[in-house]
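Only one structure is covered here, and it is reproduced in the block below.
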Amino acid sequence: MTNMDELAIFVKELEEQLVICIRCGLCQSVCPLFEQTGKEADVARGKLALLNGLMTRLFSDPDGVNKRLNKCLLCGSCAANCPSGVNVLEIFFKARTILTGYKGLSPVKKIIFKQALSNPKTFNTLMAWAGKFQKLLVKSNKTIQGTSCARFVSPLLFSRHFIPLANKPFHKSLTALKPGSTVSGIRVALFTGCLIDKILPNIAHASVKVLQHCNVNLIIPETQGCCGIPALASGDRKTFNTLLAHHAKLLQKQKFDYLVTACATCTSTIKKLWPSLYQGNENSLKKYLDNLSKKTMDINQFLVDVMHIGPYKTHEDDNSSETVTYHDPCHLKKSLGICVQPRQVITASGKYLKEMEDADKCCGMGGSFNLSHYDISTKIGKLKQKSIVETNCSTVASGCPACIMQISDMLSKTGSSIQVKHPIELYADSLL
């Protein structure tokens, strides 16, 4: 099959999905990007209208189409609130694949995705070297959020307060981890994810501590890599399929009842995008991905729905303990409908949960959106920072490492003393 044949198939899939949109405009009211720009081209309805004439505009102005399609947080707010049930995110992913197939990846993305990200061992080696040299380029902000900033003017780092690479990634600790007992009889495989492994390994260590406390038979497959969402968001379906096949082969060697992750984006990608966007002729692999999707759970969901931790407290309960507020990651609440469970994990940790205003509103991170549109990302992030501060909390929790990084950036810049944690870290700290 030629590249043009593949493009034709993808375009046909888009045509069949686009007709569902009735152009009601309800996506305007929930789009965090439209709230900032007020431009119809930035909202889902505007992008879907653009895609209706994709092939014509693709050949006349591919750069313009690409620019508009990539100006999106991929937060899923539009899809979650669409009365017609339009799967906007899947449409956008396929459209980006069409454009990348036609235009090709930029030289930088080719190196990042095809030479590094697609090979977990190579990626780990490169990140290890980056970790050794980062002190030459960054300096600590000495804030409670643990952020750093660039020592020199940088077009990439700009004015960001970012969490640096960890001194020791989680995968380097695997040989020292002892398996837990098997009292419960439940076999759990832990999927780490890139950000947790290399930037926020404390979340992985907390996950291990809690899962071992629950007496599950814990399995942590080695040579794990990226779930593939960065490549997919850039339209690089080949790298996405390579990573998908790598992990499928890795996981098929293991026997487990649940695949648990502490990353909202990884959970959503494995459950929804791996089976729905896999392009291949292996029926056995497609069937495996469908079954894997059913076994995949966010760690908060697993603890509450399977291990039944609790109890869940309300605002009427005693609030003398530490006050924590919670930010709903888009990929958890909007994509998977998970919102009660993280809150129950927080209160089961002995914390008082105080809800912020618009807890489920996007924080503005959006993965690569933050890199390409940091000015807009910051404006959205400041709204979230304001909502957090107004609760007078000492800690804000979130189930997404990318959200944790964005919120840390926003709070660090104001000199705030509010900590940013994952709910699993709070629960792990409460255990003896």
Original post:
Put +1 on the Cβ of each Lys and Arg and -1 on the Cβ of each Asp and Glu in the chain; which of Thr192, Cys149, Leu48 then has its Cα farthest toward the positive end of the dipole?
Top reply: Cys149
Subject >> Orientation-averaged projected area, Cα convex hull of the stretch 120-305 (nm²) >> reply: 12.0
**OP:** Could you grab the relative contact order for the stretch 309-430? Cα pairs under 8 Å, six or more apart, rounded to a whole percent.
**Re:** 31
**OP:** Divide by every residue of the chain the summed helix terms, -39500 (n - 2.57) for each DSSP H run of at least 4, and state the resulting mean residue ellipticity at 222 nm, rounded to the nearest 500 deg cm²/dmol.
**Re:** -13500 deg cm²/dmol
**OP:** Considering Cα pairs under 8 angstrom that are at least six residues apart, work out the relative contact order of the chain and quote it in whole percent.
**Re:** 16
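Starting with the fewest neighbours, write out Ile220, Ile299 ranked by other beta-carbon atoms found within 10 Å of each beta-carbon.
Working: Ile220 21, Ile299 30.
Taking fewest neighbouring Cβ atoms as first place, the list is Ile220, Ile299.
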Original post:
What is the fewest-to-most order of Asp360, Asp197 by other Cβ atoms lying within 10 Å of their Cβ?
Top reply: Asp360, Asp197
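Which shape class, rounded, prolate or oblate, goes with the chain when its Cα gyration tensor gives a ≥ b ≥ c as root eigenvalues, a/c under 1.5 marks rounded, and past that a/b bigger than b/c marks prolate?
Working: a/c = 1.43, a/b = 1.26, b/c = 1.14.
In terms of gyration-tensor shape, rounded.
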Subject >> Antiparallel DSSP beta bridges within the chain, percent to nearest 5 >> reply: 15
Original post:
In the chain, with Lys and Arg counted as +1 and Asp and Glu as -1 at Cβ, which of these residues, Ala206, Asn300, Pro107, has the Cα nearest the positive end of the dipole, that is, farthest along it?
Top reply: Pro107
Original post:
Between exposed chymotrypsin sites (Phe, Trp or Tyr not before Pro) in the chain, where DSSP calls loop and at most 15 other Cβ atoms lie within 10 Å, what's the longest gap?
Top reply: 159-432
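Using the scaling law 2.2 N^0.38 Å as the reference, what is the normalised Cα Rg of the stretch 184-289?
Expressed relative to 2.2 N^0.38 Å, the Cα Rg reads 1.08.
How much net charge surrounds Lys168 when only the other residues with a Cβ under 15 Å from the Cβ of Lys168 are counted, with Lys and Arg +1 and Asp and Glu -1? Display every interim value, and only then the final one.
Working: positive: Lys132, Lys135, Lys172, Lys198; negative: Asp197.
My count for the surroundings of Lys168 gives +3.
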Original post:
Hey, which lysines would be in cross-link range of Lys249, C-alpha to C-alpha under 22 Å, not counting anything within fewer than 8 residues on its own chain?
Top reply: Lys114, Lys121, Lys172, Lys238, Lys271, Lys272, Lys286, Lys287, Lys294, Lys295
Subject >> Cα-based Rg of the stretch 309-430 normalised by 2.2 N^0.38 Å, two decimals >> reply: 1.02
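What's the longest piece of the chain with no exposed GluC sites (Glu not before Pro), counting a site as exposed if DSSP puts it in a loop and it has at most 15 other beta carbons within 10 Å? Could you put the intermediate results ahead of the total?
Details: sites that count: Glu222, Glu282, Glu316, Glu322, Glu355, Glu357, Glu390.
That gives 1-221 as the longest site-free run.
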Subject >> Exposure proxy order (Cβ contacts within 10 Å, fewest to most) of Ser335, Ser84, Ser387 >> reply: Ser84, Ser387, Ser335
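Coordinate-derived values only; no laboratory data. Just so it is clear, the model here is predicted, and its values are computed rather than measured. A quick note on method: Cβ atoms are made from the backbone with ideal geometry, for glycine too, and the neighbour counts reach across all protein chains shown.
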